[in-house]
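Visitor: Mind having a look at this structure? Questions to follow.
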Amino acid sequence: MSETTLSPSSQGFFRRFFWPSDHKVVAYQYFVTVALFMALGGFLAMLIRWQLAYPGAPVPLFGALMQNHFFFDGAGRISPQGYLQLTTMHGTIMIFLVMIPLLTGGFGNYLIPLQVGARDMAFPFLNALAYWIYLAGGLVLFASFFLAQGASEAGWTAYAPLSEVSTATPGSGSGQVFWLIGIFLAGFSSSLSGMNFLATIAKMRAPGMTWGRLPMTTWSQLVTAFFQVLATPVLAAAVSLMFMDKVFGTSFFLPTGLHDSDDQLIGGGGGGHPLLWQHLFWFYSHPAVYILVLPAMGIASDLISTFARKPLFGYKAMVAAMTAIMGLGFVVWGHHMFVSGMSPAMATGFAMTTLLIAVPSGVKVFNWLGTLWRANIHLTLPMLYALAFVSMFIVGGLSGIFMAATPVDVYIHDTYYVIAHFHYVVFGGSLFASFGAIHYWFPKMTGRMMNNKLGLAHWAISLLAFNGTFFPMHLLGEGGEMRRLATSTEYQYLQPLQHWNVFITHSAFLLGAAQFIFLINLIYSLQKGEKAPANPWGANGLEWTIPSPAPAHNFEKIPRVYRGPYEYSGPEAAKLGRDWIAQDEEPPR
Amino acid sequence: MSAKTETPQRAELVAFGMWLFLASEAMFFTAFFAMTIIMRVAHPELLAPRPLGLGLALVNTAVMALSVWTMVGAVKKARLGESAVAARNLSWTAVLGLLFLGVKAAEYAGEIHGGKLPSTNLFFGCYYTLTGFEGLHVLIGVGVLAVLAWRAKRGDFHPNFHSPVDVMGLYWGLLALVWVFILAIFYIF
Amino acid sequence: MRDKRRWILAALALGFAPGAAWAALDFGTLAPDLNSAYGGQVDSLYGLLFKLVLLLFIGTQGALALFVLLFRHKKGRAALYSHGHPAAEWIWTLIPVVLLTGLYFQQKKLWDLMRGPAPGAAPLTVQVFAEQFAWHFRYAGPDGVFGTADDFMTVNQMHVRAGENVEIHESAKDVIHSFFIPQARLKQDAVPGMLSSAWFEMDKVACWDLKRQTLVYFTPEELNPKKVALEGFALNAQKKDATGEKSYRYLPFGKASKVDMLYEGKIVRLPPGDADYVQCPVEIACSQLCGIGHYRMIGYLYVDTPETYSRWWKQMVKDKRRDDESKWTGIWDKDYPQFNQP
Ligand code: HEA
Ligand code: HEA
Ligand code: CUA
Ligand SMILES: [Cu+2]
């Protein structure tokens, strides 16, 4: 194959950092942007927690600082409207601007070409473009904080008519329009990345890199990319329809006879249906939650096999399970709508598919356990995060079973039980796996190791504080505490649970503080970290065959692949006197 | 001028990428068509006297068909390396695209004049949304066609490099297909 | 370095142990169940799920911790070179399939009951119209037909008779709200432009125990020997501290020397000081984000004994209570006449 090779020096600074053709630089762009949005989303969460534990008490420092701007009422307190902006934007930022871009834009971009043995993505131009579209979407969402009436406050799910009727709540004015534009851009960017990933994995594998030899991280990105290509456009269509409703006065999601708070009939043709929005939104957003978890599963598989020094248990089953999750993932969206007024018969169908999706998820869990069975486990930092991922994912997944059972979901729907469930899967799951990935591939990215002591502290405190924050939310949910309440203390029956809110808030602050350890570790290790060799972990993947940090265009010579990525402790490796053998090493005689 | 070349693998890769893009676009439009079908089932009364005249739509169908023909020509000629002919074909496609938009604009003007706005009822809501997004796609397509025509005129395309024209052909085909569906669902059935 | 591993393992366990402990604590913290028609079944389905999940939780987490301990790196240890075990994989695929299919039928049975027509005698139908940020209730009145002059309407106040099926027909005026009575295991969204319905049956009366100052629940029979004040007491909330925690008390108000009280199945007038209990409502929550006032969109449901219910009903009919009538006649009846069809 005669590919035009560009040496990095032939690109100016501008080209290299603003329109990079190197997939790794695009990944760095995502990492940095995601970290900033993560800090913002986390900060919003801290304000949420303050308000829930101490409703009506002025927020220290920030309350005085921000006076009556943003979420504050001038006396340092969070207003009910401000609270809704906080939850809406916290959820929106964390899902659309943090987790999806981190897992796909960040890890996907960085790892796919390295793991398949390619010099770059299939379409580097598109890749750079996708980043800028994502950033534009993020900035539009960010800008909405500064609007006179504030950011959107209809929840990250933006249910119509609340989100559509601008008199229904202040944030449904221009704030919601910004929200729609921001989501459209973020979604479009995600689709473009997905196409790129699919094309790269399908067409640019190194010779010998058969489907059965792909590392799980890449497999998971492939499956995820299907969601990004096929489900995300439906979100784009849904937000376009809502945009039409808001800007051009159509009424797709507005029924006939809708009234505003002054009992005035709301104009427009009517005839639409609020549940249509929910169907369209969840048709995308349920698959979106699997966009959040599949790459994390792939990463965890790579990490666990590497540090168990043992081949991944049931490679084919792992791939089949991901495919099954994708297939079923397209037909479970109605489980968010059990009490919406959707027909009970449809709910029954969705309950069936939702329960069944636990089967492939279980296969994954059991195969990870199988990998650990009679292994030779090295508890390195990445491994610790991967184990935390498995553990926390189980908790989050099992609470999903309660909600899949319709009669039980009637009670716990829209309570903190749901909040507990998904923070376990997205933070305990996806984010812990991401931390693992960062610690694992950091040497490849920077040529330095991350500090072990700081890492351990971050891991231990995060895990502890995470459970302290989110486990008691199950109890709140069982007690019947609704989500999206500016304060739960208005309800008499929730009074006895308030002490849990205080406890949760303290844990959340600890959790937030622990992230600074991580930040410090990043900065410290970037400059002072131990120098990393090419293959510090004794891992088999192609990315470990090239120097650390990985050079521009990755491979001097496109490698030839002889075996799968998990051949640890096997006979071939033994011949070399080690417990690993790289994918491209010639079979030893 | 240094002629850019590409391997057959690269051309195949680019086409593959375009198919993925088309799949994604298809899902995007499918959501709108689903919306339209739901509207028609829920509100048959909106179609009782047929709300749209067929005349201009048929004109546009002809324009679209013609543009597909010129586009196919462009793809063929680009492959053969007849760059100048390809350029002419591409330009014609762009012009026909503009004509399509012009006719559509005239149709819009008539409807708006008759008080038929997106907010009038759900039928027109669906109609303006679908045709609007189709129009937006055509507009973007015209822009790309213009660039391609310019590049073809410069002689960029030859038997060893023609994938941009190929994928443009695929894209244009999708727009034609979407138009056929629009014609069927809003004007004929 | 090796010794530190032990510490790591401790931390590992530390991370999971609170989870396990809490999981045990977890059970039985559902709000009290007053729905005699299916509330108990919901709770036992929850209990069944809980047991199943706890088992899986302990099994998987235990295996995880155990494997990490047993197979941690030691000098001379070599990992087993194995790519899987098809038989084992089939087993742990098929067992969950069977479990979950069983669960599916279990939950479907209950779901069909909950969301099917209410069994038995014709239920009492109450119309519910939600708006930002209030609940409107309409009863059909003596003629049993909605949309007539003898209907009566209340705001944020609903009464039902213990032991009677109640069907709610709900919709919303402006945005989506959700009618949530935790003690009835009932939640149903009220969607503008659309009528949703659900049913429930309460069998216990909520009372405030004046001595212990807590909420208690009694069936009408259990209430027989008790003196329950129906008026003359008011709920008093005191803010405790900065956390917003409040404490509630029922305190006598007014100067009346005698108040209505339920005693031995009759309503009698007795001095306020005689009361052991005060009848009080359970809260109706709005559980769907509906705007700025979402957090305080609270309605009150009184579960009545036959005596107190008919006392209330007669009062409503006599007063021709039509609170905020225009929501009903001006919007519901006008824009959605089909919602009044039986
Ligand atoms: C990473 C994201 C992620 C993941 C992976 C999941 C996974 C699952 N989710 Fe979750 N979910 C969310 C993110 C996620 N969810 C979010 C964000 C929301 C809320 C959105 C909002 O309203 O704001 C939500 C809401 C949500 C609801 C709606 C609740 C409500 O609003 O009332 C439901 C209902 O069924 C549900 C179910 C499930 C199920 C069954 C799984 C399953 O995939 C889990 C499967 C895993 C296991 C079961 C554990 C391991 C398996 C075993 C150990 C094997 C044996 C198991 C059995 C035999 C049971 N989820
Ligand atoms: C991936 C998704 C994600 C993540 C990670 C989080 C993280 C957190 N969330 Fe989450 N949350 C959602 C997604 C997420 N959330 C969604 C979708 C909703 C629903 C919204 C809705 O209802 O519409 C929600 C709602 C929600 C609620 C319910 C609000 C309500 O309904 O009223 C609460 C309440 O406690 C909460 C708390 C928290 C807390 C304390 C964290 C903490 O874990 C945060 C801790 C993190 C930090 C404090 C960041 C620190 C970062 C730095 C210091 C910088 C360094 C970082 C790097 C260099 C990378 N969240
Ligand atoms: Cu009404 Cu929330
Ligand atoms: Cu879901």
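Visitor: Return the pair list, or none, for Cβ contacts closer than 6 Å from residues in the range C:175-191 that are farther than 22 Å from A:SER261 by Cα and in a strand (DSSP E or B) to residues that are within 14 Å of ligand 1 (Cβ to nearest atom) and of a type in the set (Val, Ile, Thr), at least 6 apart or on different chains.
Guide: Once the first residue is farther than 22 Å from A:SER261 by Cα and in a strand (DSSP E or B) and sits in the range C:175-191, its partners that are within 14 Å of ligand 1 (Cβ to nearest atom) and of a type in the set (Val, Ile, Thr) give C:LYS187/A:VAL339; C:LYS187/A:VAL410.
Visitor: Name the residue, out of A:PRO295, A:PRO287, that is modelled with pLDDT under 95, within 16 Å of ligand 2 (Cβ to nearest atom) and either within 22 Å of C:VAL191 (Cα to Cα) or touching a helix residue (DSSP H, G or I) at 6+ places or on another chain (Cβ under 8 Å) (or both).
Guide: Matching residue, one of A:PRO295, A:PRO287: A:PRO287.
Visitor: Output the number of residues of the range C:260-316 satisfying the condition of being in contact with a helix residue (DSSP H, G or I) (Cβ under 9 Å, 6 or more places away or on another chain), more than 16 Å from ligand 2 (Cβ to nearest atom) and of a type in the set (Gly, Ala, Ser).
Guide: Residues flagged as in contact with a helix residue (DSSP H, G or I) (Cβ under 9 Å, 6 or more places away or on another chain), more than 16 Å from ligand 2 (Cβ to nearest atom) and of a type in the set (Gly, Ala, Ser) within the range C:260-316 amount to 1.
Visitor: How many residues, within the range C:125-178, are modelled with pLDDT under 95 and among the basic types (Lys, Arg)?
Guide: So the count comes out to 2.
Visitor: Still on this structure, I have one more. Of all residues in the range C:67-119, how many are of a type in the set (Phe, Trp, Tyr) and either within 30 Å of C:SER197 (Cα to Cα) or within 16 Å of ligand 4 (Cβ to nearest atom) (or both)?
Guide: Total satisfying the criteria: 3.
Visitor: If you don't mind, another one. For the range A:469-491, name all the residues that are more than 21 Å from A:VAL410 (Cα to Cα) and facing another protein chain (nearest Cβ under 7 Å).
Guide: Selection gives A:ALA486, A:THR487, A:THR489, A:GLU490.
Visitor: Out of all the residues in the range A:299-316, is one or more more than 7 Å from chain C (Cβ to nearest Cβ), surrounded by fewer than 24 Cβ atoms within 10 Å (Cβ to Cβ) and more than 16 Å from ligand 2 (Cβ to nearest atom)?
Guide: yes
Visitor: Need pairs with beta-carbon distance below 8 Å; first residue within 16 Å of ligand 2 (Cβ to nearest atom) and within the range C:115-136, second of a type outside the set (A, V, I, L, M, F, W, C); sequence gap 6+ or separate chains.
Guide: Sorted first by the residue in the range C:115-136, then by its partner, the list stays empty.
Visitor: If I filter the range A:336-352 for residues that are over 30 Å from A:TYR566 (Cα atoms), more than 7 Å from every other protein chain (Cβ to nearest Cβ), near ligand 1 (Cβ under 9 Å from one of its atoms) and of a type outside the set (A, V, I, L, M, F, W, C), do I get at least one hit?
Guide: Scanning the range A:336-352, I find at least one residue that is over 30 Å from A:TYR566 (Cα atoms), more than 7 Å from every other protein chain (Cβ to nearest Cβ), near ligand 1 (Cβ under 9 Å from one of its atoms) and of a type outside the set (A, V, I, L, M, F, W, C), so the answer is yes.
Visitor: Also: Enumerate the pairs (first residue in the range C:277-305 and facing chain A (nearest Cβ under 7 Å); second residue anywhere and within 16 Å of ligand 4 (Cβ to nearest atom)) with beta-carbon separation below 6 Å, excluding pairs fewer than 6 apart on the same chain, so at least 6 apart or on different chains.
Guide: C:SER287/A:ASP414; C:LEU289/A:GLY155
Visitor: Let me ask something else. Only residues that are among the small types (Gly, Ala, Ser), crowded, with 16+ Cβ neighbours inside 10 Å and more than 30 Å from A:ARG49 (Cα to Cα): list them for the range C:220-275, please.
Guide: Listed by number, the residues that qualify are C:ALA229, C:GLY232, C:ALA275.
Visitor: With (1) under 29 Å from A:LEU522 (Cβ atoms); (2) more than 7 Å from chain C (Cβ to nearest Cβ); (3) aliphatic (A, V, I, L, M) as the list, and A:MET403 as the residue in question, which single condition is left unmet?
Guide: The single condition A:MET403 does not satisfy is (1).
Visitor: Where residues in the range A:77-127 are among the small types (Gly, Ala, Ser) and in a helix (DSSP H, G or I), which of them is farthest from A:TYR424 (Cα to Cα)?
Guide: Across the range A:77-127, the extreme among qualifying residues is A:GLY82.
Visitor: From (1) away from chain C (no Cβ under 14 Å); (2) closer than 30 Å to A:SER434 by Cα, pick out the condition that doesn't hold for A:PHE243.
Guide: (2)
Visitor: Might you let me know whether the range A:230-246 holds any residue that is farther than 30 Å from A:PRO311 by Cα, buried (at least 22 other Cβ atoms within 10 Å of the Cβ) and among the hydroxyl-bearing types (Ser, Thr, Tyr)?
Guide: Yes, the range A:230-246 contains at least one residue that is farther than 30 Å from A:PRO311 by Cα, buried (at least 22 other Cβ atoms within 10 Å of the Cβ) and among the hydroxyl-bearing types (Ser, Thr, Tyr).
Visitor: A:GLY271 - would you say it is more than 16 Å from ligand 4 (Cβ to nearest atom), closer than 21 Å to A:SER361 by Cα and at the interface with another protein chain (Cβ under 8 Å from one of its Cβ atoms)?
Guide: Spelling it out, it is not the case that A:GLY271 is more than 16 Å from ligand 4 (Cβ to nearest atom), closer than 21 Å to A:SER361 by Cα and at the interface with another protein chain (Cβ under 8 Å from one of its Cβ atoms).
Visitor: Do you know which residues across the range A:246-261 are within 13 Å of chain C (Cβ to nearest Cβ) and free of Cβ contacts under 8 Å to residues at least 12 places away in the same chain?
Guide: Listed by number, the list holds a single entry, A:HIS259.
Visitor: Answer yes or no as to whether A:GLY362 is within 16 Å of ligand 3 (Cβ to nearest atom), at the interface with chain C (Cβ under 9 Å from one of its Cβ atoms) and either part of a helix (DSSP H, G or I) or of a type outside the set (Asp, Glu) (or both). Write out each step before concluding.
Guide: Values: within 16 Å of ligand 3 (Cβ to nearest atom): no; at the interface with chain C (Cβ under 9 Å from one of its Cβ atoms): yes; either part of a helix (DSSP H, G or I) or of a type outside the set (Asp, Glu) (or both): yes.
In short, no.
Visitor: Out of all the residues in the range A:386-400, which are within 16 Å of ligand 4 (Cβ to nearest atom) and more than 7 Å from chain C (Cβ to nearest Cβ)?
Guide: Those that are within 16 Å of ligand 4 (Cβ to nearest atom) and more than 7 Å from chain C (Cβ to nearest Cβ): A:PHE393, A:GLY396, A:GLY397, A:SER399, A:GLY400.
Visitor: Okay, moving on. Sort out which residues of the range B:1-41 are more than 30 Å from B:ALA78 (Cβ to Cβ), within 8 Å of another protein chain (Cβ to nearest Cβ) and touching a residue at least 60 places away in the same chain (Cβ under 8 Å), and write them in order of number.
Guide: Result: B:PHE32, B:MET35, B:MET39.
Visitor: Is there a residue being under 24 Å from the mean Cα position of the chain (by Cα), away from ligand 4 (no atom under 14 Å from the Cβ), closer than 30 Å to C:TYR81 by Cα and not in a loop (DSSP other than H, G, I, E, B) anywhere in the range A:323-342?
Guide: Checked the range A:323-342: at least one residue is under 24 Å from the mean Cα position of the chain (by Cα), away from ligand 4 (no atom under 14 Å from the Cβ), closer than 30 Å to C:TYR81 by Cα and not in a loop (DSSP other than H, G, I, E, B).
Visitor: Okay, moving on. Among the listed residues B:VAL72, B:VAL85, identify the single one that is away from chain A (no Cβ under 14 Å), touching a Lys or Arg at 6+ places or on another chain (Cβ under 9 Å) and either within 30 Å of A:GLY187 (Cα to Cα) or not polar (S, T, N, Q) (or both).
Guide: Within the list B:VAL72, B:VAL85, the selection yields B:VAL85.
Each row is one residue, and each column tells you yes or no for (1) out of contact with any helix residue (DSSP H, G or I) (no Cβ under 8 Å at 6 or more places or on another chain); (2) more than 9 Å from chain A (Cβ to nearest Cβ).
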{"position": "C:THR154", "(1), (2)": "no, yes"}
{"position": "C:VAL160", "(1), (2)": "no, yes"}
{"position": "C:GLU164", "(1), (2)": "yes, yes"}
{"position": "C:ILE168", "(1), (2)": "yes, yes"}
{"position": "C:VAL175", "(1), (2)": "yes, no"}
{"position": "C:PHE180", "(1), (2)": "yes, no"}
{"position": "C:MET194", "(1), (2)": "no, no"}
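Visitor: Name the single residue that is farthest from ligand 1 (Cβ to nearest atom) among those in the range A:418-453 being of a type in the set (Val, Ile, Thr) and closer than 17 Å to A:GLY42 by Cα.
Guide: That would be A:ILE419.
Visitor: State yes or no: is C:ILE58 hydrophobic (A, V, I, L, M, F, W, C), more than 10 Å from chain A (Cβ to nearest Cβ) and either assigned to a helix (DSSP H, G or I) or surrounded by fewer than 20 Cβ atoms within 10 Å (Cβ to Cβ) (or both)? Explain how you work it out, then say what you get.
Guide: Details: hydrophobic (A, V, I, L, M, F, W, C): yes; more than 10 Å from chain A (Cβ to nearest Cβ): yes; either assigned to a helix (DSSP H, G or I) or surrounded by fewer than 20 Cβ atoms within 10 Å (Cβ to Cβ) (or both): yes.
Taking the combined requirement at face value, the residue satisfies it.
Visitor: Could you pull out the residue among A:ASN521, A:ASN554, A:ASN540, A:ASN535 that is within 16 Å of ligand 2 (Cβ to nearest atom) and either assigned to a helix (DSSP H, G or I) or more than 30 Å from A:VAL418 (Cβ to Cβ) (or both)?
Guide: So the residue among A:ASN521, A:ASN554, A:ASN540, A:ASN535 that is within 16 Å of ligand 2 (Cβ to nearest atom) and either assigned to a helix (DSSP H, G or I) or more than 30 Å from A:VAL418 (Cβ to Cβ) (or both) is A:ASN521.
Visitor: Still on this model: Would you mind stating whether A:LEU526 is in a helix (DSSP H, G or I), in contact with a Lys or Arg (Cβ under 9 Å, 6 or more places away or on another chain) and either surrounded by fewer than 17 Cβ atoms within 10 Å (Cβ to Cβ) or not polar (S, T, N, Q) (or both)?
Guide: Working: in a helix (DSSP H, G or I): yes; in contact with a Lys or Arg (Cβ under 9 Å, 6 or more places away or on another chain): yes; either surrounded by fewer than 17 Cβ atoms within 10 Å (Cβ to Cβ) or not polar (S, T, N, Q) (or both): yes.
Yes.
The values are calculated or read from the model by the stated rules, or taken from the named source; none is laboratory data. Quick caveat, the model's predicted, so the values are computed rather than measured. No Cβ is skipped: glycine too gets one built from the backbone with ideal geometry, and neighbour counts run over all protein chains shown.
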